[in-house]
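Peer 1: One structure, as structure tokens, below. Some questions next.
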Amino acid sequence: MKYQGFIWIGVIVENLEASIAFYQDMLDLPLLGKGDGWAHFDAGNGALLELFSGGKASPEPKTSDQQSIILGLRVDDLNGAVDELKQKGVHFIDEIGEFEGTRWARFSDPEGNQLEIKEIP
């Protein structure tokens, strides 16, 4: 069996409507549909991001005990993406990281779920 990459990821949130607003308005992910306790977004390259209600929000970025997976979104221009997100009010957790030409920046959604945007050469 050969895997072809991730096609779907789910994030469990406490306030579904506020989370929909963040992912749609701040991250510019197209909302594909929503229903009772869920919402689907186009995450690019055929992948879906789905929000589910039933989670627990945190006022600070969640720790590894609270969140075992960090969602990463690929961008072509990391500096431009960081600037755009900062202008929209997104607060980054730390400085831009770099390893062997790959660069990333971590931030959290309104519920403390950690996310990352990544530039890969």
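We did not get these values from a lab; they are worked out from the coordinates using the rules stated. Worth saying up front: this structure is predicted, and the values here are computed from it rather than measured. FYI the Cβ positions are ideal-geometry reconstructions off the backbone, even for glycines, and counts take in every protein chain you see.
Peer 1: Hey, Ala57 hits all of (1) more than 25 Å from Arg103 (Cβ to Cβ); (2) assigned to a strand (DSSP E or B) but one; which does it fall short on?
Peer 2: Just one mismatch for Ala57, condition (2).
Peer 1: Return the residues of region 11-38 that are touching a residue at least 12 places away in the same chain (Cβ under 8 Å), under 17 Å from Ala57 (Cβ atoms) and surrounded by fewer than 13 Cβ atoms within 10 Å (Cβ to Cβ); say none if nothing qualifies.
Peer 2: Gly37
Peer 1: Ile9 passes all but one of (1) within 14 Å of Asn113 (Cβ to Cβ); (2) of a type outside the set (Asp, Glu); (3) in a strand (DSSP E or B); (4) more than 16 Å from the chain's Cα centre (by Cα); which number fails?
Peer 2: Going through (1) within 14 Å of Asn113 (Cβ to Cβ); (2) of a type outside the set (Asp, Glu); (3) in a strand (DSSP E or B); (4) more than 16 Å from the chain's Cα centre (by Cα) one by one, Ile9 breaks only (4).
Peer 1: Hey, another quick one. Being in a loop (DSSP other than H, G, I, E, B) and basic (Lys, Arg) is the filter; apply it to region 60-100 and report the residue that is nearest to Pro110 (Cα to Cα). Before you say what the answer is, go through the steps one by one.
Peer 2: Of the residues in region 60-100, the ones in a loop (DSSP other than H, G, I, E, B) are 60-70, 75-77, 88-91, 93-96, 100.
Narrowing the set further to residues that are basic (Lys, Arg) leaves 62, 88.
Values: Lys62: 11, Lys88: 13 Å.
Selected residue: Lys62.
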